[in-house]
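A.B. asks: Structure incoming, see below.
Each value in this text was obtained by applying a stated rule to the coordinates, not by laboratory testing. From a predicted model like this one, the values you see are computed outputs, not experimental measurements. Cβ coordinates were reconstructed from backbone atoms using ideal geometry, including for glycine residues, and neighbour counts include every protein chain displayed.
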Amino acid sequence: MSSFYSEEELKAIGFKSIGKDVLISRKTSIYQPGKMVMGDHVRIDDFCYLSGRIELGNYIHIAPYCALYGGEEGIFFDSFSTVSSRNALYAHSDDYSGDFMTNPTTPEEFRNRIEGRVSIGKHVIVGSGCTVFPGVSIGEGAAVGAMSLINRSLDPWGIYCGIPCRKLKDRSRKLLEYEEKLYKEHNG
C-alpha cells in the first residue's frame with residue numbers, strides 16, 4: 001500500500017475540487033475537506049493538519065508536521081510555493097489579551113476570535129519552524145528564513161528572517177526563467 005492516498009481515495013474524501021497529480025499522505029489529518037481546493041501537482045507530507053478553507057494552486061509542497069488553520073477566512077497558496085516542516089499558518093486565533101476566554105471548549109459568547117485571510121504568493125518559500133498570523137500576505141517571490149514569526153504582511157521578492165521577521169535583502173528573480181521553461185517543456 002502506498003503512503004499516499006490513491007486518486008479514488010482522494011475523490012472520496014470530498015474536496016471542493018482536486019487537480020491532477022495530487023499526493024496527500026495517509027497520515028494527514030483533514031477537517032472540512034468540502035472547503036478545500038487542491039490544484040495540480042500538490043504534495044502534502046506526513047503528519048500535516050488541514051482545517052477550514054484552504055486553496056492550493058499548482059506545484060505546491062507542504063512539508064511534514066505543518067498545520068494550516070484556514071477557518072472561514074482561509075489560507076490561499078499561489079503556484080510554486082512551499083512551506084518547510086513544522087510551520088503553523090493561522091487564519092484565525094483567539095484573543096490573548098485577557099479580555100476574553102480562550103480555547104474551543106469555551107462557549108463562543110465568552111471568546112473573541114481574531115480572523116484574517118492568509119495569502120501566500122507565487123514562488124514563496126517559508127523555512128522550517130515558522131508561524132504565520134491571521135491577515136498576513138506574503139508577497140510573490142518572498143523567502144522567509146527558519147524560525148521566523150510572520151506577524152505582518154511581507155513585500156514581494158525579499159528575503160526575510162527573525163522574530164518578528166524583517167527584510168534582509170532582495171531575492172533573485174532568476175527562478176522565473178525556470179518557470180517559463182517548465183511550462184514550455186511540460187505543458188505544451
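A.B. asks: Which residue, F77, F47, F110, tops the fluctuation ranking in a GNM of the chain built on C-alpha contacts under 10 Å?
C.D. replies: F110
A.B. asks: Bin width 10 Å, origin at 0, all Cα-Cα pairs of region 73-137: what percent of pairs per bin?
C.D. replies: Reading the bins upward from 0: 21, 42, 24, 12, 0.
A.B. asks: Further question on the same structure: Across the chain, what fraction of all alpha-carbon pairs, as a whole percent, falls in each successive 10 Å bin from zero upward?
C.D. replies: 10, 35, 33, 18, 3, 1
A.B. asks: DSSP loop GluC sites (Glu not before Pro) in region 55-132 with at most 14 other Cβ atoms within 10 Å of their Cβ, which ones?
C.D. replies: Those that pass, being in a loop and sparsely packed, are E72.
A.B. asks: Here is a further query. Summing -39500 (n - 2.57) over the DSSP H runs of n ≥ 4 in the chain and dividing by its residue number, what mean residue ellipticity at 222 nm do you reach, to the nearest 500 deg cm²/dmol?
C.D. replies: The per-residue figure over the chain is -3000 deg cm²/dmol.
A.B. asks: Please compute the alpha carbon radius of gyration of region 1-80, then divide it by the globular-protein estimate 2.2 N^0.38 Å. Two decimals is fine.
C.D. replies: Normalised Cα radius of gyration, region 1-80: 0.96.
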